[in-house]
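Report on the structure given below.
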Amino acid sequence: MKFLPKMSPRGFVAVAAAVAATAGLVSQSIAAPAQAPAQVQATGLQQQLDTLLGDPRFQGSQVGLLVRDATTGETLYDRNGGTRLLPASNTKLFSSAAAMETLGADYRFHTDVLATAPVRDGKLRGDLYLKGYGDPTSLESDYVALAKQVAQSGVRRIDGDLVADDTYFDHVRLGDSWAWDDEPFYYAAQISALTLAPNADYDSGTAIVESRPGSTVGAPVDLKLVPATSVLKLVSTATTGAAGSANTLSIERDHGTNIVRVTGSVPAGSSVGTEWVTVWEPQVYAADVFRRALAAQGVRVDGRIKVAATPAAGTRRLARDESMTVGQLMNPFMKLSNNMHAETLVKAMGAVAAANGSWPAGLGVVTQYAKSVGVDTGTIRLSDGSGLSRKVNVTPKSVTDLLVAVQKEPWFQQWYDALPIAGNPDRFTGGTLRNRMAGTPAANNVHAKTGSLTGVTALSGYVSTKDGRKLVFSMISNNYLVSPRAVEDAVGVTLASWSDQAPPAAVAPSTKRVALTDDVCTEWTKAC
C-alpha cells in the first residue's frame, strides 16, 4: 500500500504487461502419485505449494501461507501460519467485518446544516453550522443538495459565519506511523468527520488537479481544480513540451499547507491528465465548497469560514444529507482498497460504540469483534484500519480464523461480494484483482483482499477447488527485494485448479523478475 515512484504511461503499460504475464502461468507436467484421494490432498497439494514457496524471490524474506477448508476449518497447508507479519491492506478484512457487525449494513452517515439564531425576512441573524458525522462519500453534489435545502427553508443571507464542525471525530488526522512522505498522496488523506471527495471513487479529503497542455510549445500548462475551491493554492512552473516528449508533470502538496506545487512538462496534444492531492484540514475544504454551493443558490454568507463546535442546545436543523449504507459502501471500499473508508469506519465505530470517535476507541471495537468470533487477538496488533501503518501485525492463522467465522454472519454475502474478484476486468467487480489470474481457473473464482506496501504483498480470501470444495487462504510476504506477487497468483491458481481425485499439473509462476520499484500496486496507482 506504499506509494511507489511515479511512472509514465509507457511505464504503466510495461508493468501491466508484467502482471498480465502472471495470467500466462506456465504449467509443467508431473506424475500423479498412486495414492488415495485423501493422501493425494495431504501430500500432493503440500508438495506443489512447497515448490512455489521455494521460489528464489523469497530468499532473505518472510512468507506465511495457510490454507484451510472453509466449512470445517481443517488445515490443508501451513507455512508459518502462526508468524506475525505486516499485512498491508489485508488489515481491511478486520475493520470491514467489524463495521458490518458494529454499525450494521444499513447504517448511514449524515451531514447536517444547523442554526441557533432566528431567520427574519430571509436573513439568518447568526452563524450557520455545517456539522459532519463522518460521511466519507460526500461529493460536491451533496453539498449542492444541502444548499438547496437551506434556500428552500427561506434563508437568503447569513449575517454571521459559516462554521465547520467536525467534532464527531477527534482531531488526530493521520494514522499511527503513517509516513510523512505519503501525506500529499490520495491514499494517505487526513481523516475528518467533515470531508469531501472529488468523484465517485470517494477518496475523501482529496481534490483532483486536471492538467492540459497549453496552446503552444513553451506555454504554461492549464490547470483546474475539481471541485473548484479556494482552499488549495496551485503554484505552477509547468510548461508545454513538444509533441511526443516525455510527460514529467509532478503535482505535490507542501507539508503543513494547502500549497500545491506543479512542476515539469506536458507534451503538446496530450489528453487531460488527472492527479489526486490531499487537503490539509479537509473540514475547511468541505465548508468552502458548501459556501460556493450556497452562493449558487442565492444564499449569501457575510462572515468567514471558521472551525468550531455546534452549540449543544438551542439548534434547529435546516438541512440533512445521508450517505449510502455501510453495506453499499463495502463495494468501493474493498474493491478499490480505500484507506480513508477504513479509517472513517474505525472512528465511527468508536463514536457509536464508545462515544469516542478516535482510533484507539475504534480499534478497540475492531479487536473485540475479532476476539468474539474466535481470533486470538493476543497474537496480533492492529494499529489502524487500513494497513497503511507499519505497526500492524497479524498472522495468516488470525486472518483465516476471521474468514472462516464471518461466513456465519447475516451480512456475509454482501461483504463477500465486495471482495475483489480475480480476473474480472470490471473495475468495481474485479477491483484490485481485475488484472490478475485472468484466463485461469482462479478467474471469477478467487474472492480475496489484496495488500501492498513497499516490501509487502498479501492476498487472503476464498477459492473453490475444481471439485467445488471451498477453501480459505491467507498468504503474506514481507521484506522481499523482488516482488513475489506472481507466486501469490500461482498459489491462487493452484488452489482453484486442485482436485482430490486427479491432481493437476503443477503451476509455475511467471519467471519475469519484477523489481521492487516496478511492483504493480493497483491499490495505489490510479492509472491501473
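The values are calculated or read from the model by the stated rules, or taken from the named source; none is laboratory data. Keep in mind the model is a prediction, meaning the values are calculated, not measured. Heads up, the Cβs are rebuilt from the backbone with ideal geometry, glycines too, and the neighbour counts pull from every protein chain shown.
Would you check which residues across segment 249-266 are over 18 Å from residue 217 (Cβ atoms), among the polar types (S, T, N, Q) and out of contact with any Gly (no Cβ under 9 Å at 6 or more places or on another chain) and list them?
257, 258
So how many residues does segment 102-133 have that are closer than 20 Å to residue 162 by Cβ and in contact with a Phe, Trp or Tyr (Cβ under 6 Å, 6 or more places away or on another chain)?
Residues that pass the stated criteria total 4.
So which of 192, 211, 215, 230 is exposed (fewer than 14 other Cβ atoms within 10 Å of the Cβ), farther than 25 Å from residue 432 by Cα and in contact with an Asp or Glu (Cβ under 8 Å, 6 or more places away or on another chain)?
230
Just the residues that are within 19 Å of the chain's Cα centre (by Cα), in contact (Cβ under 8 Å) with a residue 60 or more places away in the chain and crowded, with 21+ Cβ neighbours inside 10 Å, please, taken from segment 437-458.
If the condition is that a residue be within 19 Å of the chain's Cα centre (by Cα), in contact (Cβ under 8 Å) with a residue 60 or more places away in the chain and crowded, with 21+ Cβ neighbours inside 10 Å, then 449, 450, 451, 452, 453, 456, 457, 458 are the ones that fit.
So, in segment 137-169, how many residues would count as being assigned to a loop (DSSP other than H, G, I, E, B) and either among the small types (Gly, Ala, Ser) or in contact with a Ser or Thr (Cβ under 7 Å, 6 or more places away or on another chain) (or both)?
The total comes to 7.
Please find, within segment 404-432, the residue that is surrounded by the fewest Cβ atoms within 10 Å (Cβ to Cβ) out of those that are closer than 25 Å to residue 85 by Cβ and in contact with a Leu (Cβ under 8 Å, 6 or more places away or on another chain).
Checked segment 404-432; the qualifying residue surrounded by the fewest Cβ atoms within 10 Å (Cβ to Cβ) is 421.
Take residue 248 and tell me if it is among the hydroxyl-bearing types (Ser, Thr, Tyr), at pLDDT 95 or above and crowded, with 18+ Cβ neighbours inside 10 Å.
no
Collect the residues in segment 389-400 that are assigned to a helix (DSSP H, G or I) and either surrounded by fewer than 24 Cβ atoms within 10 Å (Cβ to Cβ) or polar (S, T, N, Q) (or both), keeping them in residue-number order.
397, 398, 400
On the basis of being part of a loop (DSSP other than H, G, I, E, B) and either within 20 Å of residue 139 (Cβ to Cβ) or not aliphatic (A, V, I, L, M) (or both), does residue 240 make the cut?
It is false that residue 240 is part of a loop (DSSP other than H, G, I, E, B) and either within 20 Å of residue 139 (Cβ to Cβ) or not aliphatic (A, V, I, L, M) (or both).
Would segment 461-481 turn up any residue that is touching a Leu at 6+ places or on another chain (Cβ under 8 Å), of a type in the set (Val, Ile, Thr) and over 21 Å from residue 73 (Cβ atoms)?
No, segment 461-481 contains no residue that is touching a Leu at 6+ places or on another chain (Cβ under 8 Å), of a type in the set (Val, Ile, Thr) and over 21 Å from residue 73 (Cβ atoms).
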